[in-house]
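What follows is a short report on a single structure.
The values are calculated or read from the model by the stated rules, or taken from the named source; none is laboratory data. Fair warning: this is a prediction, and the values are worked out from it, not measured in the lab. FYI the Cβ positions are ideal-geometry reconstructions off the backbone, even for glycines, and counts take in every protein chain you see.
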Amino acid sequence: MKKYWKTIVVLTVLVVGIGSYLVQTSLVANSLPELQIEHVSGDESLAESVVLSGKYADGKSAPEWLTLDYKGTEYMSERSFIEQMVGKRGPVQERLIDEHKGFMRGVSYLHDNFYEDDEVLAVAETSWDFSFQTANIELSYLKKESGEEVHETLHLGSMDYAHILEVQYHENKIMVFAEGYFNNGNGLIEMVYDLEEDRMTQNELLENKSQNSNHMSFSKVNDSVTYQPMDHLIFRSTEEQLSNEGRVEVAGTKFYQYDVNEMELSELELPINENGFVSGFDGNTVYFEEQTPEEIKITPFNIEGGDFKEDFVFEKANEDDQFMFNYKIKDGNLYVLNHLELRVIDLENKETLYEGEITIDNEEQLENLELNRMEFR
Amino acid sequence: MIEVNDVVKKFGRKEVLKGISFTANKGEITCLIGINGVGKTTILNAIMKLTPINSGEILVDGKKVTKSTFEKITFIPDSTIMLPGFTINEAMDFMNDYYEVWNQERANEFLKFFRLNPEDKISTLSKGNTAKTNLLLGLSLDVDYVLMDEPFSGIDMFSREQIAEVFTTHLIEDRGVIITTHEINDIEHLIDKAVLLDEGEIYKEFNTEEIREEEGKSVVDVMREVYRG
Amino acid sequence: MRNFLKLTNFEFNRISKLLFSLMGFVLLIQLIGVFFEVWMYNNRIDSLMTENQMTEAQALNQVGELSFAMVMYSMFFLGPIFISVGAMLFYIFLIWYREWFGKNTFIYRLLMLPTERINIFFSKLVTIVVATLTLVGFQFLALLIENSIFNALVSDPFLSEMNVVNLISQDPLISMIFPHSLDGILLVYGFGAVIVGVLFTAILLERSYRIKGIAAAILYAIVVSALLASPFAVNELLLNGYMYPGEILFTFAVMALLVLMVSIVISRKLLNDKIRV
């Protein structure tokens, strides 16, 4: 009965050791800055869907990844072990799983491959069929109101693989745009699934299949919010050739606009180069972005009229703050994060609809902070 | 009463016990006799559930062996079963910790009787003292039945005498004892019942008193008859 | 219950010698690592200053500051951990087999105790898990000691002060030993306990049926692996990713608990009816 001291020593080491580890862990978490989006003026509900993300890096320890929304800051490292194992998805995917748990089952990734409006949600995924050694497109479609679901497997036909660029929906037709790879080349492919007729048609909008031509790649000009309904889409074909030194270089770029309502593709003249780079597109207007040491200029260009509209100019808060500028276009509004200011501006009349300010509990930690991504929930 | 009913035990294809049945009563010393390797130890192990049997049944006071049976019956094997690093004192402590029927007074009696030093480590003891310690740890439990496996093998003459003496004292009285041996000489005069085993079978089970009185034979005489004849 | 606690205390006493030696060994070697890394660093700075005629600032600029990471990611630090892990793995087997082997077969005594035999299983399982956690706890305390000695040894301009918790979380290997929250510790070491339980069952199968038992033990290990892998395999191969990660994790946890229960049931049966001394 008297021989308990070893057990007591062992248990003491266990409790003190593990206990101080847990205490130290939470102390480290507490030293990270807490950010908050403070409402300054305007309609607060506009900011509720905004999710900013980035990192805090003080150079001493590994960067701490964080997201910031109207509720506050969340650091990756603060998530519990189980939460980290389960993993974090993008804010849109989290919202969709929340709203449509059954439908979203089995959806492995969401990027450019889905479409959502008030009535429908459509997801297209390229899947590999091991038994037939072919790739297919799995198309799922949900009518939000009735809860009716359609799941279709679209066969790629003569294609070996398809990289999905965009999904759109218009009048009972789901359109999937992809860069398709054939055994003799590639092309921009449009697959239209007619929900009423339960039928799929596949068109090659652009192709590059001749033996001796240069390599060509097809891509999409990025839209700010990839899943929203768009009147037009802009595609880009980039021709690449081998230089004499054996390097790959761009030989030429062409732009095309696709009219979603008419389902027609036509060439598009974009005044690139002289206005900076294309940094946004909302279905009708292309946004060029140009930076000088003092300011950032965003120039809207209407593709239908082929004319420029008035610039938006943002002063840089300080020169080093290049990572703290970010903007997105959603629902006719311009969302801008400039340094610590979050602003929502009506694109039509340039009126500020919302203004918010990001506050930090410890000003000194500001220089280690980067918020380089803006998303909508 | 310990009842062993039709117990069959196989090691692989080899049948070590071929349907053994006998009983051992409280207050009697029952001796399992046979040469080495006839399954005597296996029977004791089987009673204590230290080895599984293939068929048959073993009952102690009419009940199957469970954890509470171990407060009623003790087994003293022919090797030490305590941690070698323990002193005799620590070993007694250990027994006292787990057994409600541990009787420290009796243990002290044994210490004195066997002239053992409780501070000695078990691993340093001589063969004879190891056997005595074994006996001490087993017999200081206030149990009804005692199983002893070859208590006399391989130890010096004086220790054998001392151990044999134990059987005649109150330290054994009233208990049921099953003892195995291949040399009957030391205890022939002590045993009440003999069970002769060979090749996994019982040749003969008899009451030593009766056979002496009725046929005028000693245990050795019966053994000679059975094994030679 | 009282007998279980007594048995566990008894097992702690038996493992304590190993445990205390491992702790001493870990601390000793890791401290040598601290002194060695500091010495190496000082040597480099000194040789740059004397042989290359550099100023202190220039030498510092060339070599860079010294951080505790140099110690923590060195073999002086990881070596003793590996050895401790190896020792504990070995002890999983030793904790059973030593009862049978040698001149003194203690298994007789253990099996004849007037208590449920499964308590022997539980006390050994708890001993392994608690001893492991004790080593983990000790390692953290040792880290704190080593880090403060390190900070005292390295003079100011050369020192890059780091928090050990950050250093732990940055190394995939070390952060496996130190999951960063309580639920992680419970999950990781809980799963460890399940695996130890499976190994115990395998050992008892061998102890009950010897050669044939080894085959049964291997078979049991395969079945357990299949059960534990099933949530992932079924989701990938049959359900096309139907389950969300949280649901897979939950199913896996249920499977692990099931495996533990099956191990206990089998071990109980083996200890009661099949075990051989």
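If you go through the stretch C:216-230 one residue at a time, do you hit one that is in a helix (DSSP H, G or I) and within 14 Å of chain A (Cβ to nearest Cβ)? Before the answer, list the steps.
To start, the set of residues in the stretch C:216-230 that are in a helix (DSSP H, G or I) comprises C:216-230.
Next, only the ones that are within 14 Å of chain A (Cβ to nearest Cβ) stay: none.
No.
Under the condition of being within 22 Å of B:Ile187 (Cβ to Cβ) and in a loop (DSSP other than H, G, I, E, B), which residue from the stretch B:127-150 is modelled with the lowest pLDDT? Walk me through how you get there before you give the answer.
Going through the stretch B:127-150, the residues within 22 Å of B:Ile187 (Cβ to Cβ) turn out to be B:127-141, B:143-150.
Add one more test, that the residue is in a loop (DSSP other than H, G, I, E, B), and what stays is B:140, B:143-144, B:150.
Numbers: B:Ser140: 95, B:Val143: 95, B:Asp144: 95, B:Glu150: 89.
Result: B:Glu150.
Taking the residues in the stretch B:47-69 that are on the phi > 0 side of the Ramachandran plot and within 14 Å of another protein chain (Cβ to nearest Cβ) as candidates, determine which candidate is surrounded by the fewest Cβ atoms within 10 Å (Cβ to Cβ). Outline the logic, then answer.
Initially, the stretch B:47-69 is screened for residues on the phi > 0 side of the Ramachandran plot, giving B:49, B:56, B:61-62.
So of that shortlist, the ones also within 14 Å of another protein chain (Cβ to nearest Cβ) come out as B:49, B:56.
Numbers: B:Lys49: 24, B:Gly56: 16.
For the stretch B:47-69, the residue satisfying everything is B:Gly56.
So, in the stretch A:30-61, how many residues would count as being out of contact with any Pro (no Cβ under 7 Å at 6 or more places or on another chain), more than 9 Å from chain C (Cβ to nearest Cβ) and either under 30 Å from C:Val130 (Cα atoms) or assigned to a loop (DSSP other than H, G, I, E, B) (or both)?
Just the residues of the stretch A:30-61 that are out of contact with any Pro (no Cβ under 7 Å at 6 or more places or on another chain), to begin with: A:30-50, A:52-54, A:58-61.
Restricting the remaining residues to those that are more than 9 Å from chain C (Cβ to nearest Cβ) gives A:30, A:32-50, A:52-54, A:58-59.
If we keep only those that are either under 30 Å from C:Val130 (Cα atoms) or assigned to a loop (DSSP other than H, G, I, E, B) (or both) as well, we get A:30, A:32-34, A:43, A:48-49, A:58-59.
Of the residues in that region, 9 qualify.
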Conditions (1) in a helix (DSSP H, G or I); (2) modelled with pLDDT under 95; number of the one not met by C:Gly241:
(1)
Can you pull out every residue in the stretch C:172-187 that is assigned to a helix (DSSP H, G or I) and facing chain A (nearest Cβ under 8 Å)?
C:Leu182, C:Asp183, C:Gly184, C:Ile185, C:Leu187
Counting only residues in the stretch C:262-277 that are crowded, with 17+ Cβ neighbours inside 10 Å and away from chain B (no Cβ under 14 Å), the one nearest to C:Thr105 (Cα to Cα) is identified as C:Ser267
Of the conditions (1) modelled with pLDDT of 95 or more; (2) within 24 Å of C:Val164 (Cβ to Cβ); (3) not small (Gly, Ala, Ser), C:Asn42 fails just one. Which one is it?
(1)
Which condition does B:Val8 not pass, out of (1) away from every other protein chain (no Cβ under 13 Å); (2) at positive phi, if it passes all the others?
(2)
Segments classed as strands (runs of 3 or more DSSP E), wholly inside the stretch B:23-122, with at least 3 members that are under 30 Å from C:Arg98 (Cα atoms):
B:73-76
Every listed condition ((1) at pLDDT 85 or above; (2) of a type in the set (Gly, Ala, Ser); (3) within 19 Å of B:Lys132 (Cα to Cα)) holds for B:Gly176 save (3)
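If you scan the stretch A:83-128, which residues turn out to be in contact with a His (Cβ under 9 Å, 6 or more places away or on another chain) and either within 12 Å of chain C (Cβ to nearest Cβ) or closer than 17 Å to A:Ser49 by Cα (or both)? Full working, then the answer.
Going residue by residue through the stretch A:83-128, those that are in contact with a His (Cβ under 9 Å, 6 or more places away or on another chain) are A:84, A:90, A:121, A:126.
Of everything in the stretch A:83-128, those that are in contact with a His (Cβ under 9 Å, 6 or more places away or on another chain) and either within 12 Å of chain C (Cβ to nearest Cβ) or closer than 17 Å to A:Ser49 by Cα (or both) turn out to be A:Gln84, A:Gly90.
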Sort out which residues of the stretch A:75-124 are acidic (Asp, Glu), free of Cβ contacts under 8 Å to residues at least 40 places away in the same chain and closer than 25 Å to C:Phe250 by Cβ, and write them in order of number.
A:Glu83, A:Asp98, A:Glu99
Name the helices (runs of 4 or more DSSP H) wholly within the stretch C:85-171 that hold at least 1 residues that are more than 9 Å from chain A (Cβ to nearest Cβ) and either more than 27 Å from the chain's Cα centre (by Cα) or over 18 Å from C:Thr8 (Cβ atoms) (or both)?
C:107-111, C:118-153
Looking at the stretch A:104-122, which of the residues that are more than 14 Å from the chain's Cα centre (by Cα) and not in a strand (DSSP E or B) is surrounded by the most Cβ atoms within 10 Å (Cβ to Cβ)?
A:Met104
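Return the total of residues in the stretch C:68-84 being outside any helix (DSSP H, G or I), crowded, with 18+ Cβ neighbours inside 10 Å and under 19 Å from the mean Cα position of the chain (by Cα). Reasoning before the result, please.
Initially, the stretch C:68-84 is screened for residues outside any helix (DSSP H, G or I), giving C:68, C:73-74.
Going one step further and asking which of them are crowded, with 18+ Cβ neighbours inside 10 Å, we end up with C:68.
In the following step, the residues that additionally are under 19 Å from the mean Cα position of the chain (by Cα) were identified as none.
Qualifying residue count for the region: 0.
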In the stretch B:44-100, which residues are touching a residue at least 60 places away in the same chain (Cβ under 8 Å) and either within 15 Å of B:Asp144 (Cβ to Cβ) or aliphatic (A, V, I, L, M) (or both)?
B:Leu44, B:Ile47, B:Met48, B:Val60, B:Asp61, B:Gly62, B:Glu71, B:Lys72, B:Ile73, B:Thr74, B:Phe75, B:Ile76
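Residues are listed down the side, and each one gets a yes or a no for (1) farther than 27 Å from C:Thr127 by Cα; (2) touching an Asp or Glu at 6+ places or on another chain (Cβ under 9 Å); (3) free of Cβ contacts under 8 Å to residues at least 40 places away in the same chain; (4) among the charged types (D, E, K, R):
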{"position": "C:Val154", "(1), (2), (3), (4)": "yes, yes, no, no"}
{"position": "C:Pro157", "(1), (2), (3), (4)": "yes, yes, no, no"}
{"position": "C:Leu173", "(1), (2), (3), (4)": "no, no, no, no"}
{"position": "C:Gly184", "(1), (2), (3), (4)": "no, no, yes, no"}
{"position": "C:Tyr189", "(1), (2), (3), (4)": "no, no, no, no"}
{"position": "C:Ala193", "(1), (2), (3), (4)": "no, no, no, no"}
Run C:Leu205 past the list (1) in contact with a Pro (Cβ under 9 Å, 6 or more places away or on another chain); (2) buried (at least 20 other Cβ atoms within 10 Å of the Cβ) and report the number of the one that doesn't hold.
(1)
Take the residues in the stretch A:5-29 that are at the interface with chain C (Cβ under 7 Å from one of its Cβ atoms) and not aliphatic (A, V, I, L, M); name whichever of them is nearest to A:Tyr335 (Cα to Cα).
A:Thr25
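Only one of these is among the basic types (Lys, Arg), more than 30 Å from C:Tyr189 (Cα to Cα) and in a loop (DSSP other than H, G, I, E, B): A:Lys3, A:Lys101. Name it.
Values: A:Lys3 fails: more than 30 Å from C:Tyr189 (Cα to Cα).
Unique residue meeting the criteria: A:Lys101.
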I want to confirm something. Restricting to the stretch A:278-303 and keeping residues that are part of a loop (DSSP other than H, G, I, E, B) and under 15 Å from A:Ile329 (Cβ atoms), which single residue is farthest from the chain's Cα centre (by Cα)?
A:Ile303
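Looking at B:Leu147, B:Leu116, B:Leu44, which is the one that is more than 14 Å from chain C (Cβ to nearest Cβ) and of a type in the set (A, V, I, L, M)?
Working: B:Leu147 fails: more than 14 Å from chain C (Cβ to nearest Cβ); B:Leu44 fails: more than 14 Å from chain C (Cβ to nearest Cβ).
Being more than 14 Å from chain C (Cβ to nearest Cβ) and of a type in the set (A, V, I, L, M) holds for just one of B:Leu147, B:Leu116, B:Leu44, which is B:Leu116.
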If we keep just the residues of the stretch A:196-213 that are in contact (Cβ under 8 Å) with a residue 40 or more places away in the chain and within 27 Å of the chain's Cα centre (by Cα), which is surrounded by the most Cβ atoms within 10 Å (Cβ to Cβ)?
A:Gln202
Filter the stretch C:241-261 for residues that are touching a helix residue (DSSP H, G or I) at 6+ places or on another chain (Cβ under 8 Å) and over 27 Å from A:Gly102 (Cα atoms); the one that is nearest to the other protein chains (Cβ to nearest Cβ) is C:Leu257
Output the number of residues of the stretch C:44-58 satisfying the condition of being over 13 Å from C:Phe158 (Cα atoms) and assigned to a helix (DSSP H, G or I).
5
Look at the stretch A:253-277 and say how many of its residues are more than 14 Å from A:Asn302 (Cβ to Cβ) and either in a loop (DSSP other than H, G, I, E, B) or touching a residue at least 40 places away in the same chain (Cβ under 8 Å) (or both).
9
